[in-house]
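Here is the structure we will look at.
The values are calculated or read from the model by the stated rules, or taken from the named source; none is laboratory data. For clarity, every value in this text was computed on a predicted model and none was experimentally measured. So basically every Cβ, Gly included, is an ideal-geometry build from the backbone, and we count neighbours across all protein chains shown. SASA here: full protein model, heavy atoms, side chains in, ligands and nucleic acids out. Shrake-Rupley method; radii C 1.70, N 1.55, O 1.52, S 1.80 Å.
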There are 2 protein chains.
Amino acid sequence: MNYASLSPREVRALIRAEKITGQTAGMCRGYAQANLCILPKEYAYDFLLFAQRNPKPCPILEVSDVGSRALPLTAKGADIATDFPKYRVWKNGELVDEPTDISDIWQQDFVSFLIGCSFSFEGELLDADVPVRHIEEGKNVPMYLTNIPCVPAGIFHGNTVVSMRPIPPSKIARAVTATAAVPRVHGAPIHIGDPASIGIRDLSKPDFGEAVTIHPGEVPVFWCCGVTPQAAVMAAKPSIAITHAPGHMLITDIKNSLLKE
Amino acid sequence: MNYASLSPREVRALIRAEKITGQTAGMCRGYAQANLCILPKEYAYDFLLFAQRNPKPCPILEVSDVGSRALPLTAKGADIATDFPKYRVWKNGELVDEPTDISDIWQQDFVSFLIGCSFSFEGELLDADVPVRHIEEGKNVPMYLTNIPCVPAGIFHGNTVVSMRPIPPSKIARAVTATAAVPRVHGAPIHIGDPASIGIRDLSKPDFGEAVTIHPGEVPVFWCCGVTPQAAVMAAKPSIAITHAPGHMLITDIKNSLLKE
């Protein structure tokens with residue numbers, strides 16, 4: 001089955017029927033995929049404010065109504081409780097389960113936050129002939145915890161997590177302009193070169209994901225990463241939170257090209 | 001006194017001392033000015049969500065902590081209760097007072113929303129040699145209620161209010177690219193030409209502000225307007241809301257050029 005050419009609605013139906021339970025990378029080419037964070041309403045204002053104060057690591061695509069499993073703006077007909085291939089359930093900051101369906105633990109006070117994902121801006125980089133090393137090497141992107149503090153909001157606080165892509169000097173400007181054009185999926189880099197000054201000691205030992213090859217002369221370029229809000233949520237230890245499992249995303253009806261508006 | 005060349009901190013001090021009580025247009029050239037909406041905490045989540053769902057008419061620059069009169073991100077040392085030249089106090093959707101200081105009616109449950117203002121993007125237009133007719137004619141910008149619905153959030157709903165500037169056909173593309181570069185102050189136009197299709201019957205009769213001359217061949221270009229969230233707040237009739245008086249803005253420490261990031 002060639003999932004790249006199926007529509008988002010078709011792939012969501014296959015995921016809902018548990019005919020797809022794996023990662024979604026490469027599916028429905030051209031459509032934005034999204035991260036998930038579900039919290040009880042009592043935490044929703046603080047989380048929305050954290051996102052407003054930290055828009056580069058936490059670009060929100062849609063917020064559900066309280067208790068609703070629908071996402072009418074970004075994925076018509078989708079069911080938040082069934083249309084991600086895999087979820088992670090966190091209680092008091094600890095991972096307790098990885099179900100493929102959360103219908104049976106749904107709460108009427110849940111608010112769902114759909115967050116932009118770097119899959120969208122990597123398409124922009126590739127279109128601009130900027131190499132994306134972890135894709136070339138078939139790895140997960142390397143991610144690092146920095147010393148750059150997020151602006152806190154209520155119970156949520158923490159430092160920024162960044163993803164890194166090594167870029168040849170001649171293509172850095174193009175990498176900046178290509179990603180600046182998509183502010184709703186992390187936008188332009190937050191830092192270019194000099195890992196030590198943002199608290200990264202060793203590029204070969206990422207805090208999340210996998211290390212990639214850096215060719216001689218290439219410069220490490222750092223973008224804000226959607227792991228930032230997840231780390232802030234885990235640190236705040238809410239009674240319950242549900243996220244997607246890494247790489248197991250929702251495929252939205254929004255074309256990546258529309259994220260430029 | 002030449003207020004254009006004073007620093008934002010100096011002008012805020014003059015406003016706090018009530019040595020300036022008039023409109024702030026033209027003061028502190030190059031610095032962003034901001035709209036205000038203060039609501040009790042019980043309404044803050046719905047309002048923040050309304051802004052998230054309608055970012056073009058409602059670009060939020062900063063949200064205060066509950067009860068705090070400080071704006072540490074955009075105007076260090078400012079006092080929300082004294083540093084606007086004039087306020088409007090609304091009870092149950094009705095205007096009840098226009099004080100120059102709200103210290104004596106401050107509530108510990110107040111949340112303040114600072115909202116981007118078109119003064120910033122008009123600088124972009126002038127820099128790009130695009131004419132701004134209401135400035136040429138010394139008038140308030142013409143604003144119109146459209147038939148374009150906002151995405152509702154909780155108690156807040158309503159149609160989009162737009163501002164209009166007539167532009168010669170040869171300069172429309174430049175007007176689009178210049179304002180698209182500042183998404184935090186309304187961004188690119190929402191509609192170009194054909195007022196009837198967005199529910200505007202007569203350009204000579206704006207719903208807010210003043211009509212301006214449209215020269216033969218010029219096209220009316222419409223941008224989302226910060227009056228939209230104020231209209232949504234008034235329609236929701238909260239027990240209390242406080243806004244700035246039109247034109248009586250906060251002068252922030254943020255340079256307009258930084259709103260491009």
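Structure notes:
- The mean of 1/r over all distinct Cα pairs in segment A:118-261, once inverted, gives the Kirkwood hydrodynamic radius of 16.1 Å.
- Ordered from longest to shortest, the equivalent ellipsoid semi-axes for the protein assembly as shown are 39, 26, 24 Å, each the square root of 5 times a Cα gyration tensor eigenvalue.
- Chains B and A, summed buried accessible surface - 1.4 Å probe, Å², nearest 100: 1400 Å²
- Applying the criteria of a DSSP loop state and at most 16 other Cβ atoms within 10 Å to the trypsin sites (Lys or Arg not before Pro) of segment A:1-59 yields A:K19, A:R29.
- Where segment A:145-255 is the region considered: accessible area per residue in Å², 1.4 Å probe: 40 Å²
- Among chain B residues, the beta-carbon with the smallest distance to the axis carrying B onto A is reported, with distance in whole Å, as B:Y45, 2.
- Relative contact order of segment B:175-261, pairs being alpha-carbon contacts under 8 Å that are 6 or more residues apart, as %: 34 percent
- Between B:Y45, B:A128, B:H157, the Cα set farthest toward the positive side of the dipole of chain B (charges on each charged residue's Cβ, about the Cα centre) is that of B:A128.
- Radius, Kirkwood style, for segment A:125-174 when every pair of distinct Cα atoms is counted (Å): 13.1 Å
- Overall form of segment A:215-261 per C-alpha gyration tensor (a/c, 1.5; a/b vs b/c): oblate
- Nearest 10 degrees, 0 to 90: helix A:227-236 Cα axis against chain A principal axis: 50 degrees
- Trypsin sites (Lys or Arg not before Pro) within segment B:164-204: DSSP coil, no more than 16 neighbouring Cβ in 10 Å: B:R201
- Relative contact order, whole percent, for segment B:89-186 stands at 28, derived from Cα pairs under 8 Å and 6 or more residues apart.
- Helix B:118-127 axis, angle to chain B major axis (alpha carbon atoms, nearest 10°): 40 degrees
- Distance from the C-alpha centroid of segment B:25-62 to that of segment A:107-130: 25 Å, rounded to the whole angstrom.
- With R₀ fixed at 25 Å, the C-beta to C-beta distance from A:A4 to A:A235 puts the FRET efficiency at about 0.10.
- Among A:P59, A:P220, A:P169, residue whose mean-square fluctuation peaks in a GNM of chain A (springs only between Cα atoms under 10 Å): A:P169
- Segment B:1-57, accessible area per residue, ligands and nucleic acids excluded (1.4 Å, Å²): 44 Å²
- Distant alpha-carbon pairs in segment A:1-77 (separation over 20 angstrom), percent: 44 percent
- Among residues other than B:I60 with Cβ under 13 Å from its Cβ, the summed charge is +3 (Lys and Arg +1, Asp and Glu -1).
- In chain B, the longest principal axis of the Cα atoms and the axis of helix B:41-53 are about 20 degrees apart.
- For segment A:182-259: rounded, prolate or oblate by the Cα gyration tensor [a/c cutoff 1.5]: oblate
- Cα gyration tensor shape for chain B, rounded if a/c is under 1.5, else prolate or oblate: oblate
- Mean separation of Cα pairs under 8 Å and 6 or more residues apart, divided by the residue count, gives segment B:1-80 a relative contact order of 21 percent.
- Protein accessible area in segment B:28-75, 1.4 Å probe - carbon and sulfur %: 52 percent
- C-alpha center-to-center spacing [segment B:230-249, segment A:147-195] in angstrom: 36 Å
- Cα-based convex hull volume of segment A:51-199 per residue, rounded to whole Å³: 151 Å³
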